[in-house]
Structures are given as structure tokens and as C-alpha cells.
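What follows draws every value from the coordinates through simple rules; no lab data is involved. Predicted, not measured: the structure shown is a model, and the values here were computed from it. Positions of Cβ are backbone-derived with ideal geometry, glycine not excepted, and every protein chain shown enters the neighbour counts.
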Amino acid sequence: MKLKQYLLSKLAEECAEVARIALKTQQFGFYESMQGSDFTNAERIHQELDNFTAIVELLNDAGLEYYLNHQDVETKKTEVAKYYE
């Protein structure tokens, strides 16, 4: 397996982890902690987003050339707010 293929699989894995903790947090709240865990759900979201960001940075090193598009971000935020209402 080539590096880019490996990193893309890791990206998918991290996306799944972000989704999992987001759904748990939706159900139990930001400040709950899983039994036996020292971290709140909010802290676990932070950790998973950091892990996701690390993989994106590694993909950039491998040639992805991703950059945050602030205009697209603002468009998405407006869209989400519209559908929430």
C-alpha cells in the first residue's frame, strides 16, 4: 500500500471517530464522560478533531495541498443555520 492510500484510509477512520463521538455527545451532552474515562465528551471531540487535522496535514505533506476556504466555510454555516430554522 502506498503512503497516500494509507493516509486516505486513516482519514476515513478519523472521520468515523469524529462522527461516533459527535453522536455520543448529541445523546449525552458535552460535559458527560464515558464510564472509566478521564475526559468529557467535549474533550474527546477536541482530541478526535486534532487527530483528523494531523492526518490532513500528513496528506498535505504527501501532495493534497488542502487549505481552508473561508468563503466556503461561511457559505456552509449560513446553509446550516437556514436548515436549522
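Results, tabulated for the structure shown:
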| quantity | calculated |
| --- | --- |
| Overall dimensions of the stretch 1-48 by Cα: Rg and Dmax, Å | 13.3, 40 |
| Alpha-carbon spread of the stretch 36-85, three principal axes, descending order, Å | 39, 37, 11 |
| Matching label, semi-axes √(5λ) of the Cα gyration tensor in Å computed from the structure shown, candidates (i) 26, 21, 10; (ii) 25, 13, 10; (iii) 18, 14, 12 | (i) |
| Distance between the stretch 25-47 and the stretch 60-85 - C-alpha centres, whole angstrom | 25 |
| Partner lysines for K4 [C-alpha distance under 29 Å; skip if fewer than 8 residues away on the same chain] | K76 |
| 222 nm mean residue ellipticity, helices alone, for the chain (DSSP H n ≥ 4; -39,500 (n - 2.57); rounded to 500) | -25000 deg cm²/dmol |
| Cα-based reach from K82 at 28 Å (exclusive), listing lysines while leaving out same-chain residues under 8 positions away | K24 |
| Given charges at beta-carbon only (K, R positive; D, E negative), |dipole| of the stretch 3-84 in Debye | 300 |
| Protection proxy ranking of 25-37, 6-18 - average other beta-carbon atoms within 10 Å, highest first | 6-18, 25-37 |
| The stretch 3-84, relative contact order [Cα under 8 Å, separation at least 6], % | 31 |
